[in-house]
Amino acid sequence: MPIACQLPLRRAIAALLAPFMLAALAHAQTGSPVVIKAGRLVDVEAGRVLRDQHILIEGERISATGPAQSIPIPSGAKVIDLSGSTVLPGLIDAHTHLTSNPYIHGYMALSSSDMRSALYGVRAARLTLDAGFTTVRDVGASGFGDVALRDAINDGDLPGPRMLVSGYALGIRGGHCDNNLLAPEYKDVSQGVADGPWAARSKVREMIKYGADLIKICATGGVLSKGDAAGAQQYTLEEMQAIVQEAHKLGRRVAAHAHGASGINDAIRAGVDSVEHASLIDAEGIRLAREKGTWLVMDVYNDDYILSAGEKAGFLPESLAKEKEIGQLQRDNFRKAFAGGARMAFGSDAGVYPHGDNGKQFFYMVKYGMTPMGAVQAATINAADLLGWKDKVGSIKTGKFADIIAVNGDPMADVGALTRVRFVMKGGKVMKAE
């Protein structure tokens, strides 16, 4: 090939690889301590905003934090001046699907292979990190693409949030976690299908064998599945008890997709660690969740996207009809559950809507009962507790990972500021700076 032709090709390849080379460089960097000057720092553990703070970072962890006058800047330290910003812990989204493309749903999604979905996850991971979410829990992916994505991020091959992943979501044949779009002659059954307690136990073992950090189950029908009612219970109490026992025995937590009240209540009785969606939760479910300490992870933003862009994105007509039935009910029940004292963590169902828009949910959490501080706590210390990582992430505290973000303005006055993240640090490395 002539040199004149080679140069544009080389430039194009260099431009394509630049983000990944930057991530690899950031991963490999070591050296001087870093001091962040924080004009306003959100102390999520105390529920207050502190002024004029310093954060000392050595390697990937926070070594000290406190008033500027109490933490001198070490000789040779790199200084990051965020004195005009509000500084917060990296945010946590406890319900994502990074390998899901939000622009193709329903029958359109059949065109996307498992490998293509995993590669789409590379872009989604970057968008999620840039939005200030430095940790996510990914709850359902095909082909173990979520496992591959997690491992690639951990190895420094590409930029993205810390991930806990579930592999395939487990469910009954023909249920929400099965694929019901193909004709009978294809004999297609999703890999997460398991009917009966012992088959379900075996499926838990299979997910863990192939890298799952947690187990996701479908206790009820869903909005985006074909041929089922969102509120109808699918797994029985006996099946869910078997799954939870097996998962907990093997050191894994369990997240239960559940819209309907009976499925929610039986999932909590079975001992799941979190209920996802909880759209039609009733007074009994709120009481059970409060008494057993079960986390509720309610995705109260994506109704906007489903109803405004769903038809173009390929959502089935029956899915749009189901969303119209339960979307507002879920928001109303979010208010009831919060007022009723249930433990709540931030989870958005990213992948149903465009990745990177995670922060749009904060508006609805505040609209339906939380204070801005409470919403931020749901996405930091609460979510960290749910994930079992409260000793690693979720607050700006000595010994934890230096996962830190910054926004202009005051999110305690305007929670919308959390959709405009200007600075992202993950593990002591700057991933975004505007």
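The values are calculated or read from the model by the stated rules, or taken from the named source; none is laboratory data. Source: prediction; values computed, not measured. A quick note on method: Cβ atoms are made from the backbone with ideal geometry, for glycine too, and the neighbour counts reach across all protein chains shown. The protein model used for the area step is the full one, side chains on, heavy atoms only, and it has no ligands, DNA or RNA in it. Shrake-Rupley method; radii C 1.70, N 1.55, O 1.52, S 1.80 Å.
What whole-number distance in Å separates the alpha-carbon centres of region 115-185 and region 46-104?
Their Cα centres are 26 Å away from one another.
Which ³J(HN,Hα) values, rounded to whole Hz and listed in residue order, are derived for region 273-280 from phi using the Karplus coefficients 6.51, -1.76 and 1.60 in 6.51 cos²θ - 1.76 cosθ + 1.60 with θ = phi - 60°, glycine and proline given as x?
3J(HN,Hα) across region 273-280, in whole Hz: 7, 8, 10, 8, 6, 6, 4, 10.
Could you pull out the pairs from 249/390; 322/390; 37/400 whose alpha carbons sit more than 29 Å apart here?
Numbers: 249/390 21 Å; 322/390 36 Å; 37/400 18 Å.
Flagged as over cut-off: 322/390.
Reported to two decimal places, what Rg/Rh ratio describes region 165-254 when computed on Cα atoms with Rh from the Kirkwood expression? Don't jump to the answer; show the numbers that get you there.
On the way: Rg = 12.7 Å, Rh = 13.1 Å.
Here Rg/Rh amounts to 0.97.
Which parts of region 335-369 would a label at residue 308 reach, counting a residue when its backbone N lies under 19 Å from a point 7 Å out along Cα-to-Cβ?
Residues 348-368 qualify, since their backbone N sits under 19 Å from the label point.
Please compute the contact order of region 198-349 in relative form: average sequence separation of alpha-carbon pairs under 8 Å and at least six residues apart, divided by the residue count, as a percent.
With pairs under 8 Å counted, the relative contact order is 21 percent.
Quick one: Debye curve from the alpha-carbon atoms of region 94-163 only, equal weights, vacuum; give me log10 I(q)/I(0) at q = 0.16, 0.22, 0.27 Å⁻¹ to two decimals.
Log10 of I(q)/I(0), two decimals: -0.48, -0.89, -1.27.
Dividing the alpha-carbon radius of gyration of the chain by 2.2 N^0.38 Å (N being the number of residues), what value is obtained? Walk me through the numbers before you get to the answer.
Working: Rg = 21.9 Å, N = 434, 2.2 N^0.38 = 22.1 Å.
Relative to the 2.2 N^0.38 Å estimate, the chain comes out at 0.99.
Would you kindly state how much longer the chain becomes between residue 237 and residue 186 on full extension, computed as 0.36 nm times their sequence separation minus their alpha carbon distance, in nm to one decimal? Can you show the working numbers first?
Details: separation 51, 0.36 × 51 = 18.36 nm, distance 3.08 nm.
15.3 nm is the gain from fully extending residue 237 to residue 186.
With all distinct Cα pairs included, what does the Kirkwood hydrodynamic radius of region 134-200 come out to in Å, to one decimal, could you say?
Details: mean 1/r = 0.0743 Å⁻¹.
Evaluated over region 134-200, this radius sits at 13.5 Å.
Considering just Cα atoms, how many Å³ per residue does the convex hull of region 301-434 enclose? Don't jump to the answer; show the numbers that get you there.
Numbers: hull volume 17.2 nm³, N = 134.
With only Cα atoms used, region 301-434 gives 128 Å³ per residue.
Quick one: pull the percent of accessible area on region 296-422 belonging to carbon and sulfur, 1.4 Å probe, ligands and nucleic acids left out.
Working: 2340 of 4510 Å².
Result for region 296-422: 52 percent of the exposed heavy-atom area is carbon or sulfur.
Tell me, in nm to one decimal, what length is gained between residue 398 and residue 123 on full extension, where the rule is 0.36 nm per residue of separation less the Cα-Cα distance? Provide the component values of the computation, followed by the final result.
Details: separation 275, 0.36 × 275 = 99.00 nm, distance 3.16 nm.
Contour length minus the Cα-Cα distance gives 95.8 nm.
Could you name the aspartates and glutamates whose alpha carbon sits less than 19 Å from that of residue 203, not counting residues in the same chain fewer than 8 places away?
Output for residue 203: 138, 146, 178, 188, 195, 213, 238, 239, 246, 273.
Whole number in Å², please: accessible area per residue of region 250-368, 1.4 Å probe, ligands, DNA and RNA not counted. Don't jump to the answer; show the numbers that get you there.
On the way: 4130 Å² over 119 residues.
That works out to 35 Å² for each residue.
Please work out the FRET efficiency for the pair residue 420 and residue 328, using the Cβ-Cβ distance as r and a Förster radius of 22 Å; give the result to the nearest 0.05.
Details: r = 27 Å, r/R0 = 1.24.
E between residue 420 and residue 328, to the nearest 0.05, is 0.20.
Kindly rank 349-360, 143-154, 257-268 from highest to lowest mean number of other beta carbons found within 10 Å of each residue.
Values: 349-360: 24.1, 143-154: 21.2, 257-268: 27.5.
So the order, starting with the most tightly packed, is 257-268, 349-360, 143-154.
Please list, in chain and number order, the residues 5+ apart from residue 314 or on another chain whose amide H is under 5 Å from its amide H, with Hs placed from the backbone.
Result for residue 314 returns 105.
Residue 249 versus residue 291, label points 7 Å from Cα toward the beta carbon: distance in nm?
2.7
In percent, what relative contact order does region 352-434 have, based on Cα pairs under 8 Å that are 6 or more apart in sequence? Spell out each step's value before the answer.
On the way: 102 pairs, mean separation 20.5, N = 83.
Dividing the mean separation by the residue count of region 352-434 yields 25 percent.
At residue 410 and residue 318, where each label point lies 7 Å from the Cα along Cα→Cβ, what is the point-to-point distance in nanometres?
Placing both labels 7 Å beyond Cα along the Cβ direction yields 5.1 nm.
As a test of the definition: which semi-axes, in Å, follow for region 28-177 when you take the square root of five times each eigenvalue of its alpha carbon gyration tensor? Largest first, please. Display every interim value, and only then the final one.
On the way: eigenvalues 301, 56, 31 Å².
In descending order the semi-axes read 39, 17, 12 Å.
What do you get for Rg/Rh over region 384-434 if you use C-alpha atoms and the Kirkwood form of Rh? Mind showing how you got there, number by number?
Numbers: Rg = 12.3 Å, Rh = 12.1 Å.
Rg/Rh: 1.02.
Can you compute the FRET efficiency between residue 107 and residue 58 using 1/(1 + (r/R0)^6), with r the Cβ-Cβ distance and R0 = 51 Å? Round to the nearest 0.05.
On the way: r = 52 Å, r/R0 = 1.02.
The value I calculate is 0.45.
Which whole-number percent is the relative contact order of the chain (Cα, under 8 Å, 6+ apart)?
On the way: 1010 pairs, mean separation 82.1, N = 434.
Normalised by residue count, the contact order of the chain is 19 percent.
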